[in-house]
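Scroll down for the structure; my scribbles are underneath it.
The values are calculated or read from the model by the stated rules, or taken from the named source; none is laboratory data. This one's a predicted model, so the numbers in the text were calculated from it and none came from an experiment. For neighbour counting, all protein chains shown are included, and Cβ atoms are generated from backbone atoms with ideal geometry for every residue, glycine included.
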């Protein structure tokens, strides 16, 4: 059941976008998100959508996979849409359709919902084309300057990668515990909401205890392999910016410029 | 040269709720020559894993002294322990709890990265470690998708990347299927024979112990007997006192002897038993 669970939804293939430096992708995602929030009209969002479509085309990831990411926040999107529709502050000159629904309210709600959808789709392009490991490396490298103010960047990155590494292990263990409890008559699928939440306790406690035991053993294994924090530590994998990254950056700069221009002229 | 020496070493776990409240290791003295293959045998709670952790300083002795190539595990130099750990690789019991990274090559790089090896050199060490453990085609694989035996071989490769002189297997085969056990033992054997690495194998399996150069028998934290497999396994009463069973071949030999057949008692392997029986048959 939980066997296939992997963090994120990395889509393994080779493409221009896959080969980009994870730092480039992270920074460009930030630029993309900023531009979505800077855009205050549909033209700006259309430009962002165009950018997204081109990025997906270059990533060799099926568009369907990108679209699927919206599914998980569908509820949030609908909720936002309805709230904005119902509580739109009516101004003079707005055309009322019926009750308190206005054309302008409809447009504004659609705008905000599209913004959310674009945001999630953009982020999923990053997670679909970047392995969690290289994502962690990218974050570590980007946060590096913070280590000068004694921020534990290396430790944070290590925690993240260990957490990622243990997801399949813990998922497997959860699966095993559920089966063990079911074999003893445990019931997780019937009863009301509270009853089901309560039924999770016999799963969570063994899982938690197991995680502590694992942490203890992992600590020993790390000690045995000479771990001593970031002190004079080298790194085997080095991230490198290439020509590709420059191209992608220019391309994104065009998007940001486009959105700003559209904001000024419309 | 002595790779490991224990001088009257004792250690007790400091936990009030520990069911076993006595000393986990109690006044043990021993000396292991470099290049030997040694098996540590004992029932559960006999202190064999504690003994292993005392070697590379994961635990420090309450009294007595542990030395690795002449370096004591308790010393004032904060880097002293790292010098020891660089020379003592350790592979633990649970294949799932000793990898730090998700990908094989990243995990093997962890040790060399810790001690500040240059990048090119790390690459070379990964190549060599993967080659020796026969895991080359899994270099870019997800560790979580490997079998238990393969995970343990990755763990060995991770230890090898630090280029140690001693490898400790702390019940490393106990959670594996027979195939995985065989794979791991083959790697350990060739490390000992080809590279002259000192191997300390802590195990429950008597047939693994029978392959070692020498066996240390532990009971309740005390060293009960030391000797070659032949010597140890012919002392049936001591082995049984430790709560252990003889290897199948030795067991059969002992029973045949009891039944009045004149067979050599110092038999530890299937092959040895077969040979001895053939000899007996030819004699008749």
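A few remarks follow.
- Residue within region A:147-158 that is within 14 Å of another protein chain (Cβ to nearest Cβ), in contact with a helix residue (DSSP H, G or I) (Cβ under 7 Å, 6 or more places away or on another chain), surrounded by 18 or more Cβ atoms within 10 Å (Cβ to Cβ) and not in a helix (DSSP H, G or I) present: no
- Cβ pairs under 8 Å, 6+ apart, first in region A:33-52 and surrounded by fewer than 21 Cβ atoms within 10 Å (Cβ to Cβ), second in a loop (DSSP other than H, G, I, E, B): A:41/A:266; A:43/A:266
- Qualifying position, being in contact (Cβ under 8 Å) with a residue 60 or more places away in the chain and within 14 Å of chain B (Cβ to nearest Cβ), among A:214, A:233, A:244: A:233
- Being more than 30 Å from residue B:8 (Cα to Cα), within 11 Å of chain A (Cβ to nearest Cβ), surrounded by fewer than 22 Cβ atoms within 10 Å (Cβ to Cβ) and in contact with a helix residue (DSSP H, G or I) (Cβ under 7 Å, 6 or more places away or on another chain) is a condition met by no residue of region B:153-167.
- Count of region B:227-249 residues, restricted to those that are over 18 Å from residue B:40 (Cα atoms) and buried (at least 16 other Cβ atoms within 10 Å of the Cβ), is 1.
- Residues of region B:186-211 that turn out to be at pLDDT 90 or above and either assigned to a loop (DSSP other than H, G, I, E, B) or under 21 Å from residue B:44 (Cβ atoms) (or both), as a count: 5
- Of the helices (runs of 4 or more DSSP H) lying entirely inside region A:28-127, those carrying at least 1 residues that are more than 24 Å from the chain's Cα centre (by Cα) are A:42-59, A:74-86.
- Counting the residues of region A:83-115 that are touching a strand residue (DSSP E or B) at 6+ places or on another chain (Cβ under 6 Å) and surrounded by 15 or more Cβ atoms within 10 Å (Cβ to Cβ) gives 1.
- Test: residue in region A:175-184 that is within 14 Å of another protein chain (Cβ to nearest Cβ), within 30 Å of residue A:133 (Cβ to Cβ) and modelled with pLDDT of 85 or more: yes
- If you go through region B:85-102 and keep only what is touching a strand residue (DSSP E or B) at 6+ places or on another chain (Cβ under 8 Å), over 20 Å from residue A:213 (Cβ atoms) and surrounded by fewer than 23 Cβ atoms within 10 Å (Cβ to Cβ), you end up with just B:87.
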